[in-house]
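What follows is a single structure, written as structure tokens, with notes after it.
Bear in mind that the values in this text are calculations on the coordinates, not laboratory data. Predicted model only: the values in this text are computed from it and were never measured. Please note: Cβ atoms are built from the backbone with ideal geometry, for glycine as well, and neighbour counts cover all protein chains shown.
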Amino acid sequence: MDHKDSQADPTGAVTRKSIGARRNPASQEAILDAAEAVLKEGGVAGFSIEAVAKKARAGKPTIYRWWPNRTALMLDVYRRFKNERPFPDTGSLRADLVAFLDNQLLGFWHNSLAATVYRALIAEAQTDQAAADALYAYQEGRKAVVIEIIEKAKLRGECAPEVNSELIVDLIVSYAWHQLLLGRVEAAMGTIEAVVDSVLRGALNSTTR
């Protein structure tokens, strides 16, 4: 069956005008709103394409056309949470990295549904290659922004040009993931500045050896 322009649906579903495989912004937002609501109401365990379709009053074929599986949809909801938080740009590398670890990682996950969602995404990536690829692509995009922050610090003379920007980001993110997966985010909130200082001390000192 071809789902095209909106028609009255005897089941009561709201059928929205389709524009093919290209996402209709209004439909996309309605589905993401529904997906977020399902996560808030039932958690990850209650999250499914069926539940989202019912909440959005949309057809499952529409959702599957734009999101191939529940992991892809859940990742878009998580990305939506993150889009509300700008990356730091204080003019100080240390301050930027402290803000990144707090605002974008540990502080963002603290007492938040986002922590549960992201743990589930990491877990699904262990057994689902498509989920792993999607999560990797998302992470690489985020990492590129932080690498740029460090590269700006090099131009300001805060660190040597040979400092490994990617390694600094990986160390900070790995620490945050470790705390997230062990359910230690709250305890780790008090370690943010110490972690950044330790990473920077090691990275900056390594260039003088």
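Remarks
- Taking 0.36 nm per residue of separation and subtracting the current Cα-Cα distance, fully stretching the chain between Gln126 and Arg94 would add 8.2 nm.
- Lysine pairs within the chain, Cα separation less than 30 Å, 8 or more sequence positions apart or different chains: 22
- Normalised by the number of residues in the chain, the mean separation of alpha-carbon contacts (under 8 Å, six or more apart) gives a relative contact order of 17 percent.
- Helix 165-181 vs. the chain, principal-axis angle (Cα, 0 to 90°, nearest 10): 60
- Values of log10 I(q)/I(0), in the order q = 0.18, 0.25, 0.29 Å⁻¹, for the range 130-184 under a Debye, Cα-only, solvent-free model: -0.70, -0.99, -1.10
- Rounded to whole Hz, the Karplus (6.51, -1.76, 1.60) HN-Hα couplings of the range 86-102, x for glycine and proline: x, 6, x, 8, 8, x, 10, 4, 4, 4, 5, 6, 4, 5, 5, 5, 7
- Within-9-Å neighbourhood charge of Phe108 [Cβ basis; K, R +1; D, E -1]: +1
- Here the chain has an Rg and Dmax of 20.5, 74 Å, counting Cα atoms alone.
- Measure of compaction for the range 100-209 (Cα Rg per 2.2 N^0.38 Å): 1.15
- C-alpha long axis of helix 113-125 to longest principal axis of the chain, angle in °: 90
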